[in-house]
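Encoded as structure tokens, the structure appears first; notes follow it.
The values are calculated or read from the model by the stated rules, or taken from the named source; none is laboratory data. The shown structure was predicted, so the numbers you read here are calculated from the model rather than taken from an experiment. Quick reminder, even Gly has a Cβ in these numbers, built from the backbone with ideal geometry, and neighbours come from all protein chains shown. Side chains included, ligands, DNA and RNA excluded: accessible areas come from the protein's heavy atoms. Shrake-Rupley method; radii C 1.70, N 1.55, O 1.52, S 1.80 Å.
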Amino acid sequence: MMELCAVVAAAGGGERLGAPVPKAFVELPGGTLLEHSLRSLAQQGVSFAAVAVPPGFQPPRPVAFPPGMEAVLVEGGPRRQDSVLNAARLLPPARVVLVHDAARPFLRPGLLAELAAEALRHGAAVPALPCPDTLKIVEGGAAVRTVDRSGVHLVQTPQAFRRDVFDAMLPLYDRLHVTDDAAIAEAAGFPPRAVEGSPFTFKVTRPADLELARILAARSAP
Ligand code: C5P
């Protein structure tokens, strides 16, 4: 059986980026955000990806899939979790399912092997980074309260799920309202293990993130 397969969520509009095309189709040196993300996954052993893309959107050119990776495109839904569910229905049998944001093009070496090992042992695993900044509640322009940040982590993708756990999560995608897949694993009774995330695995969200991603992509472009 295949070891790693992936759902890639690429169906968002990316309103906060203000780009003329949906975010996953924004070009960096060496390809679009989506193509960089697919390449990062393939380099670490993902051989199949189901990619959720914006409904009705015609990319200006066909998506270039990395060598050795089989991929299918499917229309996404209104929420990220709807996109993930649409793509999840197309996955082949595999020991571990990864769910990844196309908007995170860079993964640290060795990440997928660590995630897969933890997911196989414990059911689910996520990359997480301790929050480095002070957290405050801001109301009406005033910082009214400081939040205790001990234990607070920033959680990234890919998130990894053993196949039986992922299958148990699927019926919950319609019922819950979540911002990541790990929240569904938690609700299904499988609190994810945290492995070390990376500052390079930031999500391209605002124009400054895109500037950074372009610099990093240029550095590693062939
Ligand atoms: O908007 P945001 O960057 O937080 O979305 C995270 C990822 O989820 C992006 O890669 C985006 O393309 C994807 N997404 C999706 N379907 C949606 C909304 C977001 O696949 N309806």
Filtering strands (runs of 3 or more DSSP E) wholly in the stretch 113-155 for at least 2 residues that are free of Cβ contacts under 8 Å to residues at least 40 places away in the same chain and open to solvent by 90 Å² or more (accessible area, probe 1.4 Å) gives 135-139
Matching entry among ALA19, ALA6 (being within 29 Å of ASP167 (Cα to Cα) and open to solvent by less than 40 Å² (accessible area, probe 1.4 Å)): ALA6
If I go through the stretch 44-87 residue by residue, how many of them are touching a residue at least 40 places away in the same chain (Cβ under 8 Å) and more than 12 Å from the ligand (Cβ to nearest atom)? 6
Based on what the data block shows, is ALA213 within 27 Å of ARG89 (Cα to Cα) and either in contact (Cβ under 8 Å) with a residue 40 or more places away in the chain or not in a strand (DSSP E or B) (or both)? no
Among the candidates VAL155, VAL138, single out the residue that is away from the ligand (no atom under 16 Å from the Cβ) and not small (Gly, Ala, Ser). VAL138
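Could you tell me whether VAL63 is at pLDDT 95 or above and assigned to a loop (DSSP other than H, G, I, E, B)?
Numbers: at pLDDT 95 or above: yes; assigned to a loop (DSSP other than H, G, I, E, B): yes.
When the stated conditions are applied, VAL63 passes them.
Looking only at residues that are among the hydrophobic types (A, V, I, L, M, F, W, C) and open to solvent by less than 80 Å² (accessible area, probe 1.4 Å) in the stretch 195-211, which one is farthest from the chain's Cα centre (by Cα)? I'd like the intermediate steps shown before the answer.
Taking the stretch 195-211 and keeping what is among the hydrophobic types (A, V, I, L, M, F, W, C), we get 195, 200, 202, 204, 208, 210.
Right, trim to open to solvent by less than 80 Å² (accessible area, probe 1.4 Å) and you get 195, 202, 204, 208, 210.
Numbers: VAL195: 15, PHE202: 10, VAL204: 11, ALA208: 19, LEU210: 16 Å.
Among those residues, the one meeting the criterion is ALA208.
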Going through (1) within 24 Å of ASP82 (Cβ to Cβ); (2) under 17 Å from the mean Cα position of the chain (by Cα) one by one, GLY189 fails only at (2)
Need the failing condition index for VAL63 against (1) touching a strand residue (DSSP E or B) at 6+ places or on another chain (Cβ under 8 Å); (2) at positive phi, just the number. (2)
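Just to check your reading of the model, which residue among VAL72, VAL84 is assigned to a strand (DSSP E or B) and not polar (S, T, N, Q)?
Values: VAL84 fails: assigned to a strand (DSSP E or B).
None of the others qualify; the one that does is VAL72.
Among the residues that make up the stretch 49-65, is at least one of them of a type in the set (Val, Ile, Thr) and open to solvent by 40 Å² or more (accessible area, probe 1.4 Å)?
Of the stretch 49-65, the ones of a type in the set (Val, Ile, Thr) are 51, 53, 63.
So of that shortlist, the ones also open to solvent by 40 Å² or more (accessible area, probe 1.4 Å) come out as none.
No, because not a single residue in the stretch 49-65 is of a type in the set (Val, Ile, Thr) and open to solvent by 40 Å² or more (accessible area, probe 1.4 Å).
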